Amino acid sequence: MSRFLLRRFLLAIPTLVGVLIVTFLLLYVAPGDPVQEMVGERADSATIARLRKELHLDEPVSMQFVHYAGGILHGDLGTSYITRRPIIQDVLERFPKTLQLAGTAMLIASISGILIGVLSARHPDGVFDRVSLAGAYLGISFPVYWVGLLLILFFSVKWHLLPPSGYGGLRHLILPALALGTRSIAFQARVTRSAMLDVLGSDYVRTARAKGLGERVVVLRHALRNALIPVITVLGLDFGNYLTGSILTETIFSWPGIGRYVVNAISRRDLPAITGSVLFLSVVFVVVNLLTDLAYAKADKRVSLS
């Protein structure tokens, strides 16, 4: 186990370095002047020159990257040009809100998707299976921003059941979590169905039935457990995407998470905030993938992590 964790950690380092370099260079060549965004249009040239010197923006791009990478090696993601606060502080304040949204969406998607997939596999080509298949195709096809707008239109504007946006209690969480998890419900249902159909036709499942075990025990203990590897793969990828890519959902529902923070940083060309957030989210994605691999071994004892 320890060798596996060490190997994955060493493999993640080049990935994170590559993410940092590519993100920094892309932002450097993007149009706009971050100093102008900070001071506005009425600032004098002396103030602009002084700020550019303080932020090392008057130096070559290679030296700017050296300054930034040196700070990261010391655990410093930099200071936001706009808020003038340490970026790590801004990110850590917003990430729990993103984690709350992603966790709720993942809970909805995993329970609903696995349940639908198991029921479809139990009665293949039946009415429920055909309806769920059509629903899965629609769910995968609908973009998240369109689903979010529809949810707001019906549940907030027409029926006045839930708030359209903002951060608060459970009522504020339901719509963005549904919008974020809709595609995963559809995809998870199809993956679970496919895996269950393969397992239900195996010899050990027929043997379990021949021993007189109840159908619930056969499906849940023998079939579903052995069909979990592809299911866990999808769950891990989706959860990583939720944590790192819920920008549209957070923007539509005014959810104060890290995705909305990145959007605001991009619109105001806050370079340290963008690069710091992207690097932090890259680390999160690597950690989620590592936890997914560990979940493989937990679900199937035949999977070795040596």
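The values are calculated or read from the model by the stated rules, or taken from the named source; none is laboratory data. Predicted model, so just to flag it, every value in this text is computed and none were measured. Here Cβ is always computed from backbone atoms with ideal geometry, including for glycine, and neighbour counts include all displayed protein chains.
Could you check the stretch 113-157 and list, in sequence order, the residues that are farther than 30 Å from LEU248 by Cα and not β-branched (Val, Ile, Thr)?
LEU119, SER120, ALA121, ARG122, HIS123, PRO124, ASP125, GLY126, PHE128, ASP129, ARG130
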task = Considering each residue of the stretch 156-195, count those that are free of Cβ contacts under 8 Å to residues at least 24 places away in the same chain and not in a helix (DSSP H, G or I), and give that number.
result = 7
query = With THR23, THR79, THR98, THR15 as the choices, which residue is polar (S, T, N, Q), assigned by TED's automatic domain parsing to the domain that holds VAL278 and surrounded by 13 or more Cβ atoms within 10 Å (Cβ to Cβ)?
reply = THR98
request  = For the stretch 49-88, enumerate the residues that are part of a helix (DSSP H, G or I) and among the aromatic types (Phe, Trp, Tyr).
outcome  = PHE65, TYR68
Contacts under 7 angstrom Cβ, first residue in the stretch 28-40 being free of Cβ contacts under 8 Å to residues at least 60 places away in the same chain, partner polar (S, T, N, Q), 6 or more apart = VAL39/THR47
message = Looking at THR233, THR192, THR207, can you tell me which residue is in contact with a Gly (Cβ under 8 Å, 6 or more places away or on another chain) and hydroxyl-bearing (Ser, Thr, Tyr)?
response = THR192
query = Which members of the stretch 29-48 meet the condition of being surrounded by 12 or more Cβ atoms within 10 Å (Cβ to Cβ) and assigned to a helix (DSSP H, G or I)?
reply = PRO34, VAL35, GLN36, GLU37, MET38, VAL39, THR47, ILE48
